[in-house]
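Undergrad: Below you'll find the structure I mean.
The values are calculated or read from the model by the stated rules, or taken from the named source; none is laboratory data. Model, not experiment: these values are computed from the prediction. The protein model used for the area step is the full one, side chains on, heavy atoms only, and it has no ligands, DNA or RNA in it. Shrake-Rupley method; radii C 1.70, N 1.55, O 1.52, S 1.80 Å.
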Amino acid sequence: MLDRAEGPDVTVGPARDEGGRTVGREVAVLRSVQRSIGTPPVVGAARAMSFFGEHAAGWIALGALGAALDAPRRRQWATAVGGVVAAHGASIAVKRVVRRRRPHDPGVAVHVGTPSRLSFPSSHASSTTAAALLYAGLVGGVGAGGATLLVPGMALSRVVLGVHYPTDVLAGSVLGAACALGARRLVRRGSVGRWRTA
């Protein structure tokens, strides 16, 4: 299903890069990544990550599970889930302003369907970064380290699948980190309890 806000004015490139130079460089990176690591097992894993992160549903479900199992910090978990939802929502809002079209070069293989043709920033990268930063602070220990490894994995998966340019995932991660920082500030102010540092 395509984003209803889309129209013929969907553009190519960050901030409407008319010359196409930035897009050309990013397409070259996409092709290189797909040639070097785009094997069937890698593409399969990337598709699984794509399904998990679609509309931030997997991350929201994990946060809800954390809230259910960790009653003493239920409010912190709820705030963390709110940060993930905010990151996803913010990415959708930015997409509708920037209106960058997803990669559509014949040399780039697209391995998964998308709910929208809009590309910048990556909503998967936004919600994954927010979830990793916020949930890591709640689980601590080895779990925290594993959570932070998810960010580059999800970002790379979007490039492997051919549905995002590198700058899409970079911008998405920055946006997700900003939303996570905002959620942590709410906790530090004491409105929802103390946050354990990862």
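Undergrad: What shape does the range 46-144 have by the C-alpha gyration tensor, where a ≥ b ≥ c are the square roots of the eigenvalues, rounded means a/c under 1.5, and otherwise prolate means a/b greater than b/c and oblate the rest?
TA: prolate
Undergrad: With θ set to phi - 60°, apply the Karplus curve 6.51 cos²θ - 1.76 cosθ + 1.60 along the range 111-123 and write out the HN-Hα couplings as whole Hz, x wherever there is a Gly or Pro.
TA: Residue by residue, the range 111-123 yields 9, 8, x, 10, x, 8, 8, 7, 10, 10, x, 6, 5 Hz.
Undergrad: Roughly to the nearest percent, how much of the accessible area of the range 42-97 is carbon and sulfur, given a 1.4 Å probe?
TA: The computed percentage sits at 75.
Undergrad: Under the Karplus relation 6.51 cos²θ - 1.76 cosθ + 1.60, θ = phi - 60°, what is the ordered set of whole-Hz ³J(HN,Hα) values for the range 31-43, x standing for Gly and Pro?
TA: Whole-Hz 3J(HN,Hα) from phi for the range 31-43: 4, 4, 5, 5, 5, 7, 10, x, 7, x, x, 5, 4.
Undergrad: Each residue of the range 24-30 in turn: what ³J(HN,Hα) in whole Hz from Karplus with 6.51, -1.76, 1.60 and θ = phi - 60°, glycine and Pro shown as x?
TA: x, 5, 6, 4, 4, 5, 4
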